[in-house]
Amino acid sequence: VDNIYVPEVFFTNNCLTGENVVKSTRLLGDLDGVFQDKDAFEQMDRDRIIYQVSSFLPVVENTPGGLFMGITLLYPGKVGQEFFMTKGHFHTNSNRAEFYWGVEGEGMLILMDEQRNVWAERMFPGSLHYIPGKVAHRVANIGYQKLVFSACWPSDAGHDYATIAAEGFARSLMDVNGVPTLL
Ligand code: F6R
Ligand code: ZN
C-alpha cells in the first residue's frame, strides 16, 4: 500500500532513514470483532483500508528512556452506526503515558481506565491529548474526511491489544441522528 500519509517532516529531518520508519495498514478484516453490528460488518468489503500508521522508531523497541512517534490516517466511514476506529490498546508497561494530537479532520479519542470507565475527547487540528498510564485509548473518525493524528509514546511502553480484543471497551461511539454518542 503506497498511499500512506507521511508528512513532510519525515523527510526533512535528517535522523530519519528508511529503516526506522515502519508503516502498517489495518484493513476492515483486521478489525473483526471490534464493531457492535456484526451483520453490517459481514456485508462490507474486508479488504477496505480503515487506517494506516507510519511510526518513527529512532531506538530499539523496549529501550528505556527513548521516545517513538507515529502518525495515523483513519478513513471516514461506519459499520452500521458505529464510526470507523482504531483497535485500541493499553500499554504493556501499563503505567506508560502518551500524547496524541490532532492534525487534520474531526475525531474522538475514546479512553477507558482499568475500572472500565469510558470517556471521550474531541480531536481537531491542533487539539492536544494527554493519555495517562493505565488508560486504554482508541480513536474514531466522526467526520466525512480523513482524520490524521499524531502520537508520541515511550519506547518501552509496548502494546497490549489482547485485553481490548477479549473485553472490548465498555462503551461504543455511535452516530445517533447525526450526533456522535457514547453508548
Ligand atoms: C502508540 C499509539 C498509536 C496507535 C495508532 C493505531 O502507542 O497509541 O500510534 O498505535 O494510532 O492504533 P492501534 O495501535 O490501537 O491500532
Ligand atoms: Zn498507545
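Read-outs throughout are calculated quantities, based only on the coordinates presented, and are distinct from any laboratory measurement. Just so you know, these numbers come straight off a predicted model, no measurement behind them.
A few notes on this one:
- In sequence order, the range 71-86 has phi-based couplings of 10, 10, 10, 10, 6, x, x, 9, 10, x, 9, 9, 5, 3, 8, 6 Hz under the Karplus curve 6.51 cos²θ - 1.76 cosθ + 1.60, θ = phi - 60°, and Gly or Pro positions carry x.
- Partner lysines for residue 23 [C-alpha distance under 24 Å; skip if fewer than 8 residues away on the same chain]: 78, 87, 146
- Structure-based [θ]222 nm, the chain - -39500 (n - 2.57) summed over DSSP H runs of at least 4, per residue, nearest 500: -1500 deg cm²/dmol
- A P(r) calculated from all alpha carbon pairs of the range 81-123, with 5 Å bins opening at zero, reads 5, 15, 26, 30, 15, 7, 1 percent.
- Above 22 Å, the calculated P(r) of the range 8-182 contains 44 percent of its Cα-Cα pairs.
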